[in-house]
Amino acid sequence: MLRIDGLSAWYGEAQALRDVSLHVDKGEIVTLVGRNGAGKTTLLRSLMGLHHGTSGTVRFMDEDISALNPHKRARRGLGYVPDDRGIFATLSVEENLTLPPGMGPDPWSLERVYETFPRLKERRRFPGTKLSGGEQQMLALARVLRTGARLLLCDEPTEGLSPLIVQQIGEILREVKAAGVTVLLIEQNVHFAATVADRHHLLAEGRIVESMDNDEVRAREDELLQYLGI
Ligand code: ATP
């Protein structure tokens, strides 16, 4: 579904991604793991067309989308969930869910969103400011599904959330996957990553230095957490 070949990215003279190649198949959840500054966010932003100063090829559903702007990438079915969650704090949950135009190929109805996220239905009149971190994360995911995304690019959805809420986010990601949506996920909680994802890539200094399956991540959990400084 997604194939990246030789992607590099710069901030002025400073190179943040170095010749990254990877693929994500339809229905997979693939994680990006790496220390702060490894280039994970830059990779997701580059895939969405939000970072200027890249080279290499990005193919999505057999189309070269490397030269397309973010709006056109969203129309093709890419959806970005930023680490600041990108929700409108002063608007209610329902207003947040009503705002995005269904520009992608497979927009979810409000009913479908509320079936998947019953908590958001309970909170539908609440403003974004009154939501917990977990609820905000659910809203951020739900907004992107409303737009019709087929591939979610999620920047650390579990960051700062309690173990119980992390578990709920895991259940939601499994439901999203069961619905046929594909996910590329930044995730530092490697224990959690091995329970939700199919494969994992470790980034260091802008390069993919290792690719692992769940068994390998589980076997190396302590070593990875130490390496990541968690
Ligand atoms: P983190 O989890 O800390 O965000 P990351 O793996 O997502 O880390 P990036 O944010 O992609 O890493 O950063 C990759 C590199 O690019 C780092 O060296 C960072 O300092 C640099 N960088 C990121 N944003 C900018 C910017 N706006 N201007 C200049 N350099 C930047």
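Would you mention how many residues in region 88-107 are within 28 Å of Pro127 (Cβ to Cβ) and either at pLDDT 85 or above or of a type in the set (Lys, Arg) (or both)?
Adding up the residues that qualify gives 12.
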Number of positions in region 105-128 that are out of contact with any Gly (no Cβ under 6 Å at 6 or more places or on another chain), in a loop (DSSP other than H, G, I, E, B) and in contact (Cβ under 8 Å) with a residue 40 or more places away in the chain: 2
Of all residues in region 11-52 being more than 25 Å from Val181 (Cβ to Cβ) and surrounded by fewer than 15 Cβ atoms within 10 Å (Cβ to Cβ), the one that is farthest from the ligand (Cβ to nearest atom): Asp19
Boolean, Arg112 is within 16 Å of the ligand (Cβ to nearest atom) and either open to solvent by less than 60 Å² (accessible area, probe 1.4 Å) or out of contact with any strand residue (DSSP E or B) (no Cβ under 7 Å at 6 or more places or on another chain) (or both): no
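Being open to solvent by less than 40 Å² (accessible area, probe 1.4 Å) and either free of Cβ contacts under 8 Å to residues at least 12 places away in the same chain or within 16 Å of the ligand (Cβ to nearest atom) (or both) is true for just one of Leu131, Leu203. Which residue is that? Write out each step before concluding.
Values: Leu131 fails: either free of Cβ contacts under 8 Å to residues at least 12 places away in the same chain or within 16 Å of the ligand (Cβ to nearest atom) (or both).
One residue alone meets the criteria, Leu203.
Kindly establish whether Leu78 is touching a strand residue (DSSP E or B) at 6+ places or on another chain (Cβ under 9 Å), within 16 Å of the ligand (Cβ to nearest atom) and aliphatic (A, V, I, L, M).
On the way: touching a strand residue (DSSP E or B) at 6+ places or on another chain (Cβ under 9 Å): yes; within 16 Å of the ligand (Cβ to nearest atom): no; aliphatic (A, V, I, L, M): yes.
In short, no.
The values are calculated or read from the model by the stated rules, or taken from the named source; none is laboratory data. Note that the structure is predicted; figures quoted are calculated from it, not measured. Ideal geometry is used to build each Cβ from the backbone, glycine not excepted, and the neighbour counts take in all protein chains shown. We work out accessible area using only protein heavy atoms, side chains counted, and drop any ligands, DNA or RNA first. Shrake-Rupley method; radii C 1.70, N 1.55, O 1.52, S 1.80 Å.
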